[in-house]
1. What number goes with the only condition from (1) closer than 30 Å to Asp175 by Cβ; (2) modelled with pLDDT of 95 or more that Leu393 does not pass?
2. For segment 187-202, what are the residues that are farther than 24 Å from Gly387 by Cβ, open to solvent by less than 60 Å² (accessible area, probe 1.4 Å) and not in a strand (DSSP E or B)?
3. All but one of (1) in contact with a Phe, Trp or Tyr (Cβ under 7 Å, 6 or more places away or on another chain); (2) assigned to a strand (DSSP E or B); (3) modelled with pLDDT of 95 or more hold for Asn205; state the number of the condition that does not hold.
4. Considering Arg494, Arg422, Arg483, which residue is within 26 Å of Asp138 (Cα to Cα), open to solvent by 40 Å² or more (accessible area, probe 1.4 Å) and under 31 Å from the mean Cα position of the chain (by Cα)?
5. Restricting segment 351-384 to residues that are part of a helix (DSSP H, G or I), in contact with a helix residue (DSSP H, G or I) (Cβ under 7 Å, 6 or more places away or on another chain) and at pLDDT below 95, which is most open to solvent (accessible area, probe 1.4 Å)?
6. Being surrounded by 15 or more Cβ atoms within 10 Å (Cβ to Cβ) and either touching a Lys or Arg at 6+ places or on another chain (Cβ under 9 Å) or closer than 21 Å to Gly387 by Cα (or both) is the filter here, so list the residues in segment 237-252 that pass it.
7. Only residues in segment 435-457 that are farther than 20 Å from Glu127 by Cβ count as the first member; pair them with residues that are modelled with pLDDT of 95 or more and open to solvent by 50 Å² or more (accessible area, probe 1.4 Å), Cβ under 6 angstrom, at least 6 apart or cross-chain, and list the lot.
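The values are calculated or read from the model by the stated rules, or taken from the named source; none is laboratory data. Everything numeric in this text was worked out from a predicted model, so none of it was measured. For neighbour counting, all protein chains shown are included, and Cβ atoms are generated from backbone atoms with ideal geometry for every residue, glycine included. These area figures cover heavy atoms from the full protein model, side chains too; ligands, DNA and RNA do not enter into them. Shrake-Rupley method; radii C 1.70, N 1.55, O 1.52, S 1.80 Å.
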Amino acid sequence: MNGEDLFDAITQVRDALVDEAAQTEPAKVRAGWLKFGAAAAAVVLVVGLGAGVLGGKLPRLSSGFGVAPPTNNDPGSAPGGDGGPGHDEGSVFMSYAGPVFPLAVPSGGEGLIAQREVTYDFSGWGEQPWPHQMPTTDRYTIGNPTGEDKTVTLYYPFASSLGDLKDDTPVLKVDGAEAETTLRVGSYSGGFQTVPGGEDAGLLNLEQFNSWEQYRDLLSDGRYLENALGDHHDLSDIPVTVYEFSNYWGPQPDSAKGIPNATIRAEFDLDYSRTTVLAYGFHGAGIDPDAGHMMQSFSIPREFDPENGDAFYLFVLGDDIANLTTQGYATGGADTRDTIEAGVDVERYVTDLDSALRKAAEQMYRRCSWWSEWDEADRPDFEMYFGLLKDDLAAYGLIADEPVARYDTGWLQEMDVVWMNRVFYLEAGVTVPAGGSVTVEAAFSKGGSYDFYCGSPEGESVYGYDLMTRLDSSLEIAQQTARAVNTDGVEIVRQNYGFDWAGGVDTVGLDPAEEHYYLEIRAAQSE
């Protein structure tokens, strides 16, 4: 499944779920979840972990965990020791940060002519905790040779994720003043892949982009931007029966008493062919389609746990479940038989899926450990987060026409909403006066692409920066240049710009016919 397939999938919601609002037809569910005990549960949970739970900034993985993609990182191949202009193609990095995209004006820009200057500033490069971050300015002087003022809506694209927005979002200025912008976001830009050696395991790993060509193909026809400008999925026409678990109580973990992880277990009967179960807050499950039985369990939060006091949910689509029971157990293993004194209040009600998901999403949003370190103004908008959760669930989750195996548990907290790579857009309106010009400038800290030591030891200290000269746009960019400043202490490994810092060439013209420019650098090696 590639990025284009997933783009097409983002608009899909399983038809049976929508039809049910009018016909009360049951939704279908894919059988085949694994029934597992304590040991097997640990394996399944590790596979399904969302990236954000690890704590700390994550790389933009471009292939399966622990598997190195092809690379041509060979510092010894750089001609002339300064990269030279003759290298035909850049490296394929394990963690790909995406290119610097050109400004886009989808419509109305006919007759306008722009000059573009991209400036890389290497001051302090290598001194920050993340040394591959580099201050970058992408500046456009847009002239209007026509006889009338032209007002256009422009979009500045950049690759990022919700979890990286604070670091990646550009500041957009028009004629030196910060512009009033609207942040738009597109669907997941990558795909999914099988676990290496596990051909029958389904699509369990994210497969994020690792080349500029993939971004070009995704964005070239304008459909991705059109999707980003549209509305998120509205799931209010899908009925759902909600089981809300609250006011739980039980013993706190006590190894001396043999209670390492006190757990509430909910067990019930269902017809797997007529019922789909989504869940929030649950950590373990026992799945038995043959017996028509399911177990879902959650550890009783400790007093200092962030989720302590939160409600947990089962969302039932299609036919309702039956014979629900709850019981406290000494551990979270599905094969544990030692019961304990514990309890929970369970409330059942019927609503629509959109309203039900919002209650869970609000708790997931508050509990995101990464955003808790940010000022409130820097956090992604909740409605954006919630909209993407619904979009991803409709495209890849259990309510999709073809669910991805990574999300077969139905646990909402396993959706990779925060760390999926996407293309974002800063939207702004500008008026270019007749016979005059405006200057549009995007300033940001651009992350570099890199390899992990385990994949390419010789390329570990090399960072790559890609740039694209064109995308589908009505704005003509007639001239493009690139500049490098404060380059002391940095050397070029590979490039196709034509920079020669030692020879004083730090400004070069870019050929619009060349779609892609790359610059790969490292800290200057001592003689």
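1. Leu393 satisfies every listed condition except (1).
2. Taking segment 187-202 as the starting set, the residues that turn out to be farther than 24 Å from Gly387 by Cβ are 193-202.
Filter again for open to solvent by less than 60 Å² (accessible area, probe 1.4 Å), leaving 193-195, 198, 201-202.
Scanning segment 187-202 gives Val195, Gly198, Ala201, Gly202.
3. (3) is the only condition that Asn205 fails.
4. Of the residues listed, the single one that is within 26 Å of Asp138 (Cα to Cα), open to solvent by 40 Å² or more (accessible area, probe 1.4 Å) and under 31 Å from the mean Cα position of the chain (by Cα) is Arg483.
5. Checked segment 351-384; the qualifying residue most open to solvent (accessible area, probe 1.4 Å) is Asp378.
6. Going through segment 237-252, the residues surrounded by 15 or more Cβ atoms within 10 Å (Cβ to Cβ) turn out to be 237-245, 248, 250.
Answer for segment 237-252, where residues must be surrounded by 15 or more Cβ atoms within 10 Å (Cβ to Cβ) and either touching a Lys or Arg at 6+ places or on another chain (Cβ under 9 Å) or closer than 21 Å to Gly387 by Cα (or both): Asp237, Ile238, Pro239, Val240, Thr241, Val242, Tyr243, Glu244.
7. Hits for this filter: Val438/Asp175; Thr439/Asp175; Glu441/Arg139; Glu441/Lys173.
Residue-wise test of (1) under 21 Å from Gln208 (Cα atoms); (2) free of Cβ contacts under 8 Å to residues at least 12 places away in the same chain; (3) buried (at least 19 other Cβ atoms within 10 Å of the Cβ).
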| residue | (1), (2), (3) |
| --- | --- |
| Gln133 | yes, no, yes |
| Asn144 | no, no, yes |
| Ser160 | yes, no, yes |
| Asp164 | yes, no, yes |
| Glu178 | no, yes, no |
| Thr182 | no, no, no |
| Val185 | yes, no, yes |
